[in-house]
Amino acid sequence: MTTYQGPVTVVGSDVEATMQADLSVRARDQTKIWSGQLSGYEDADMFKVLTSDTAVMRLPDGREGRFVLEGKLVPGQTSVGVLGSGPPPF
């Protein structure tokens, strides 16, 4: 299993915010998917990401991956689940 823990820049709508990520790749059937958690964000920034058509996660080395948020965003929560789309950026 491939993992990444560290800072990421999340870009969505008109937001570009630095957050902490805890991500991993796992096999589902015969397909590899990536997912994890984002933390260390401002509620207003994450709401804008949630309502954007496309959210992108950028690692410090410049690699990027598209993702969607999993579940509902509740004000004041400390982390949110993400599900990647396409190849993992790590």
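The values are calculated or read from the model by the stated rules, or taken from the named source; none is laboratory data. Only a predicted model underlies this, so the values are computations on that prediction, with no experimental measurement involved. Here the Cβ is made from the backbone with ideal geometry for all residues, glycine too, and neighbour counts use every protein chain on show.
The residues in region 55-90 that are under 11 Å from the mean Cα position of the chain (by Cα) and assigned to a loop (DSSP other than H, G, I, E, B) can be counted, and the count is 3. For region 11-55, the set of residues classified as in contact with a helix residue (DSSP H, G or I) (Cβ under 6 Å, 6 or more places away or on another chain) and within 16 Å of E70 (Cβ to Cβ) consists of G12, A55, listed by residue number. Residues of region 44-67 that are surrounded by 14 or more Cβ atoms within 10 Å (Cβ to Cβ) and among the β-branched types (V, I, T): V49, V56.
Each row is one residue, and each column tells you yes or no for (1) out of contact with any Leu (no Cβ under 8 Å at 6 or more places or on another chain); (2) closer than 20 Å to G6 by Cβ; (3) acidic (D, E).
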residue: K48; (1), (2), (3): yes, no, no
residue: S52; (1), (2), (3): yes, no, no
residue: A55; (1), (2), (3): no, yes, no
residue: R58; (1), (2), (3): yes, yes, no
residue: G62; (1), (2), (3): yes, yes, no
residue: K72; (1), (2), (3): yes, no, no
residue: G76; (1), (2), (3): yes, no, no
residue: V80; (1), (2), (3): no, yes, no
residue: P88; (1), (2), (3): no, yes, no
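Condition check ((1) modelled with pLDDT of 90 or more; (2) closer than 18 Å to Q77 by Cβ; (3) in a helix (DSSP H, G or I)) across all residues:
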{"position": "A17", "(1), (2), (3)": "no, yes, no"}
{"position": "A21", "(1), (2), (3)": "yes, yes, no"}
{"position": "V25", "(1), (2), (3)": "yes, no, no"}
{"position": "L38", "(1), (2), (3)": "yes, yes, no"}
{"position": "A44", "(1), (2), (3)": "no, yes, yes"}
{"position": "K48", "(1), (2), (3)": "no, yes, yes"}
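One line per residue, one yes/no per condition, for (1) without any contact (Cβ under 8 Å) to a residue 60 or more places away in the chain; (2) among the acidic types (D, E); (3) crowded, with 17+ Cβ neighbours inside 10 Å:
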residue: Y4; (1), (2), (3): no, no, yes
residue: P7; (1), (2), (3): yes, no, no
residue: D14; (1), (2), (3): yes, yes, no
residue: A17; (1), (2), (3): yes, no, yes
residue: Q20; (1), (2), (3): yes, no, no
residue: R26; (1), (2), (3): yes, no, no
residue: W34; (1), (2), (3): yes, no, yes
residue: L38; (1), (2), (3): yes, no, yes
residue: E42; (1), (2), (3): yes, yes, no
